[in-house]
Amino acid sequence: MSQSVVIDEPELRHECGVCGVFGHAEAANLTYLGLYAQQHRGQEAAGVTSCDGTLFHTHRGMGRVADVFGPQDIARLEGEHAIGHVRYSTSGASIERNAQPLVIDYQHGGLAMAHNGNLVNAAHLRRYLERQGSIFQTDMDTEVIIHLVARAPGASVEDRLARALREVKGAYTLVALTESRLLGVRDPLGFRPLVLGVIDGAYVLASETCALDLIGADFIRDISPGEMVVISDAGIESYFPFEAQPRRMCVFEYMYFARPDSTLDGINVYQARKAIGRELAREHPVEADVVVPVPDSGVAAAMGYAEESGLPLELGLIRNHYVGRTFIEPQQEIRHFGVKVKLNAVTSVLKGRRVILVDDSIVRGTTSAKIVGMVKASGASEVHMRISAPPTIGPCHYGIDTPDRDQLIAANRTLEGIRDNLGCESLGYLTLEGLYRGMGGRGPGYCDACFSDDYPVTPEEGTPQMSLLREDA
Ligand code: SF4
């Protein structure tokens, strides 16, 4: 018989993923597929805006990509250019008007925009704009960028967008569409990824390379931190309109968020996770019988751990992929009645064995404690928890939904206190040094603020994390 545990909610969540196609007869369909591949970056809402050179056509809705779009919806998205977005809202309202892309008509024509990231000064900018008479239609910080673009001087949309973005602080990877241009921008620190590909001569922008793979596009290159690309019938142009800053790509993209088959800034996510797992085994060896990953994101690190330790890897925990995720609709009343994500323990793997349980993070500790309890209830004689990341001690202000510091178990307890809370025999976290050894060095620079407290951009004082513009903020 197997034991099971209900995970009430995932502990860390993406905010968004983006995609854009310019100059393809099936632009909307390819964009939809690009979103499909990036569903892991946001399951709450999805949308595509296309342009036929004159008119913009938009379809957005709540839910996953497959739920939001039917064949007739795609067929209505006419035109050879399109952008799309998958969204996870954090504590802001989970409502359709917050689905992206945002589309406006202003004095220079039409503009659609989709955003992955989080601005740390959006509340301040919004108050300023509202005092100037701006009226906001959504809760999203993306709309602040749209207002700034509409007010910005400049001869071209790229000039106006660059002017607007010089006002904002924080993380933004954007795709934007006008009647004649597709723009892609990565903020100067490069928190979130953006890649460029090509299919049938049409350019594609996407958050991750897995989107290019799905539609059969060839990877060209990563968009660099601080770069703006402008794609038109004339081809592609590249600008660096911002003051250069040291690159601070989110290291957690590699460890947790991105799909393992994606390659970001030249590093394959799966290989990085395996190498990190090997480092974890070197730092925290223990006598045991079997290495068991917490699926899914702990699997590659557990493979690396098993490889390095010489212990067998067994799938002692199985995730039910068909249950659904409670965070599709994160309002409390829905979450509690909604479908649950389940992990099932394989008793035949665990019974009477000393188990090394490999996971990629401990956030609040509640889910980890349930999993340890389940493994023990399945007859494991010992459970040794190994975490392929340093302790999470601070919240993210750059596009990942994390709890406040007072809810982060590692910010409030000693290692022994956490181990005691989880109920395992031993606990080992990877060090920051071990993490970067696994990543092949500190490379061109990463953000690791949630592990190190070294925040590359200071959040605006009093800014509520990840819910900057909700009505009750
Ligand atoms: S604080 Fe953590 S999750 Fe946020 S960008 Fe930095 S490394 Fe990534």
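The peptide list 101-112, 393-404, put in order of mean Cβ contacts within 10 Å with the highest first, becomes 393-404, 101-112.
Remark on Ile220: its backbone amide H falls under 5 Å from those of Leu196, Gly197, Val198, a criterion applied only to residues 5 or more positions apart or on other chains, H modelled at 1.01 Å from N.
Working note: Karplus 6.51/-1.76/1.60 with θ = phi - 60° gives the range 17-31 the couplings x, 10, 7, x, 9, 10, x, 10, 4, 10, 4, 5, 5, 5, 5 Hz, where Gly and Pro are set to x. In terms of surrounding Cβ atoms within a 10 Å radius of their Cβ, Leu313, Leu430 rank from fewest to most as Leu313, Leu430.
Our note on the geometry: Cα centres of the range 360-426 and the range 162-189, 36 Å apart. Of the beta bridges in the chain, as assigned by DSSP with both residues counted there, near 80 percent are antiparallel. In this structure the amide hydrogen of Lys169, modeled in the peptide plane, comes within under 5 Å of the amide hydrogens of Val120, Asn121, none closer than 5 places in sequence on its chain. For Ile236, which sequence-distant residues (separation of 5 or more, or a different chain) have an amide H within less than 5 Å of its own amide H, given hydrogens modelled in the peptide plane? So Ile236 has HN proximity to no qualifying residue. Tell me whether the chain comes out rounded, prolate or oblate; compute the Cα gyration tensor, take square roots of the eigenvalues as a ≥ b ≥ c, and use a/c under 1.5 as the rounded threshold. It comes out prolate by the Cα gyration axes.
Each of Thr209, Thr366 was scored by other Cβ atoms within 10 Å of its Cβ. Listed from fewest to most, they are Thr366, Thr209.
Residues in the range 386-398 carry Karplus couplings, in order, of 10, 10, 7, 7, x, x, 7, 10, x, x, 9, 10, 10 Hz; the curve used is 6.51 cos²θ - 1.76 cosθ + 1.60 with θ = phi - 60°, and Gly or Pro positions show x.
Using the Cβ-Cβ distance between Ala377 and Arg442 with R0 set to 60 Å, the FRET efficiency works out to roughly 0.90.
Mind checking which lysines have their Cα closer than 16 Å to the Cα of Lys351? Skip sequence neighbours fewer than 8 apart in that chain. Lys351 reaches Lys376. For the range 13-257, the residue among Cys51, Asn98, Ala123 whose Cα projects farthest onto the positive side of the dipole built from Cβ charges is Ala123.
Read the figures in this text as sums done on the coordinates, not as results from a lab. No experiment lies behind these values; they were computed from the predicted model shown. Virtual Cβ from ideal backbone geometry, glycine too; neighbours counted across all protein chains shown.
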